[in-house]
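Everything on this sheet refers to the single structure shown next.
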Amino acid sequence: MNHKISVVFRLDVGPGIGLGHYYRCKSLADKLNQKASSFRKTEYKAIECDFAVLNRTANFLEKENLKPHNLFTIQDEQEFIAKASHYNFIVIDHYQYDGDLLKQLSELKQTKLIVIDDECNRGNLYADMVINPADTFDKKHYQQLAANASFCLGHQYALIRSEFVSAKNNYPFIDRKKIIISFGGADTAGLTIPTISKMIGDYRLINYEVVVITGAACKNIAEINHLCNQASFTHLHHIDNMSEVLSQAVVAISAAGSTVYELAACGVPSVFAIVARNQQSFISKQQNYQWCQFIDCLSFDGKTKDCVSSLIDAFYKMLNLNQSEQLLALSNIATAWVDGKGAERIANQILKL
């Protein structure tokens, strides 16, 4: 019998938060919608995805012309919990959801609770499924927090937008001449301006086009634009063709958010700045990413100058590899690491719950 499946995503975005939660949830929602169309002749008539956000997030999304699926606003978490009872699946991608709120959601009848997690540190999750694309955590880390859950753990479950899957094939690595500087949708650590300032006039960049990308929630856009003009760098703000731009890059300096997986899919060797505690999950003695390097900017205790110096030193060491085939090898390692099928794998697991 045909029936409708309903999914609600709880997230917020904006200055100080960034846009990663929005993009990874939308990637999963898009894939679930695609699944519905492929199931028309079987048991599923439709899969409807709603996004529940606070008013300030809704205003931000509207201002920046970011369009999720169906959107509705809530005043507080108790209002959301009441509305969530009408859905088949509840997806939480929100750090403020602690054990108490998650327990309340888990007690709703005829719903399945899915938690997208990054740090494995908020206690009991009460979830039917746990998603964490970081390779740092595996099943043994989560079994005590969600004993009966299904798990989608590791980079094979990275949630990236569909356009990044094919982007790597559009520009052969040998022809790439762009260098990317991008510290996320909000640049919460304020690294863009000091990084540009330190790279102005550097002769090692003479054969490259340096592209500075700022996101919708980034501040100081006028100053960034002025510096880029002074340095003859290209400044792109709030673009809608990110996959096309990244796929032309030979090396990147980036914040270590969801862009890690996007740059990997595009085959871009990168230096990543850890600027938020949840991003520290990338740092593990057991992991050898090979194609990239992580600089923990949180360890510099607010000393932005020292952090930027470390990022740029690591960047130039990587860029010097371009005189051999080593960068191409790193590019191939990156694209093998993220194959772009994470949303597909997660959607399949959700529909089995």
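The values are calculated or read from the model by the stated rules, or taken from the named source; none is laboratory data. None of these values were measured; they are calculated from a predicted model. Because the Cβ atoms are built from the backbone with ideal geometry, glycine has one as well, and the counts that use them run over all protein chains shown.
Going by the structure shown, is Ile174 of a type in the set (Val, Ile, Thr) and within 18 Å of the chain's Cα centre (by Cα)? Break it down stepwise before answering.
Values: of a type in the set (Val, Ile, Thr): yes; within 18 Å of the chain's Cα centre (by Cα): no.
No.
Ile181 - would you say it is among the β-branched types (Val, Ile, Thr) and either closer than 19 Å to Val275 by Cα or outside any helix (DSSP H, G or I) (or both)? Show your work before the answer.
Values: among the β-branched types (Val, Ile, Thr): yes; either closer than 19 Å to Val275 by Cα or outside any helix (DSSP H, G or I) (or both): yes.
Taking the combined requirement at face value, the residue satisfies it.
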Inset, instruction - From (1) surrounded by 21 or more Cβ atoms within 10 Å (Cβ to Cβ); (2) in contact with a helix residue (DSSP H, G or I) (Cβ under 6 Å, 6 or more places away or on another chain); (3) modelled with pLDDT of 95 or more, pick out the condition that doesn't hold for Ile92. - result: (2)
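Could you please give the count of residues in the stretch 277-299 that are part of a loop (DSSP other than H, G, I, E, B) and either among the charged types (D, E, K, R) or modelled with pLDDT of 85 or more (or both)? Steps first, please.
First, the residues of the stretch 277-299 that are part of a loop (DSSP other than H, G, I, E, B): 283-291.
If we keep only those that are either among the charged types (D, E, K, R) or modelled with pLDDT of 85 or more (or both) as well, we get 285, 289-291.
Number satisfying all stated conditions: 4.
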Inset, instruction - Using the structure shown, decide if Ala158 is crowded, with 19+ Cβ neighbours inside 10 Å and either over 20 Å from Gly18 (Cβ atoms) or touching a Ser or Thr at 6+ places or on another chain (Cβ under 6 Å) (or both). - result: no
Legend entry - Unmet requirement for Val308, which otherwise passes all of (1) surrounded by 20 or more Cβ atoms within 10 Å (Cβ to Cβ); (2) closer than 30 Å to Gly342 by Cα: (2)
Inset, instruction - Examine the stretch 285-305 for a residue that is among the hydrophobic types (A, V, I, L, M, F, W, C), crowded, with 17+ Cβ neighbours inside 10 Å and touching a residue at least 60 places away in the same chain (Cβ under 8 Å), and state whether such a residue exists. - result: yes
Inset, instruction - Restrict the check to the stretch 82-97 and report whether at least one residue is outside any strand (DSSP E or B) and hydrophobic (A, V, I, L, M, F, W, C). - result: yes
Inset, instruction - Look through the stretch 57-114, keep the residues that are among the polar types (S, T, N, Q) and in contact with an Asp or Glu (Cβ under 7 Å, 6 or more places away or on another chain), and return whichever of them is farthest from Gly14 (Cα to Cα). - result: Asn70
Legend entry - Total residues in the stretch 103-151, condition among the hydroxyl-bearing types (Ser, Thr, Tyr) and either surrounded by 22 or more Cβ atoms within 10 Å (Cβ to Cβ) or in contact (Cβ under 8 Å) with a residue 60 or more places away in the chain (or both): 2
Inset, instruction - Test Phe282 against the criterion of being free of Cβ contacts under 8 Å to residues at least 40 places away in the same chain and under 26 Å from Asp117 (Cβ atoms), and give yes or no. - result: no
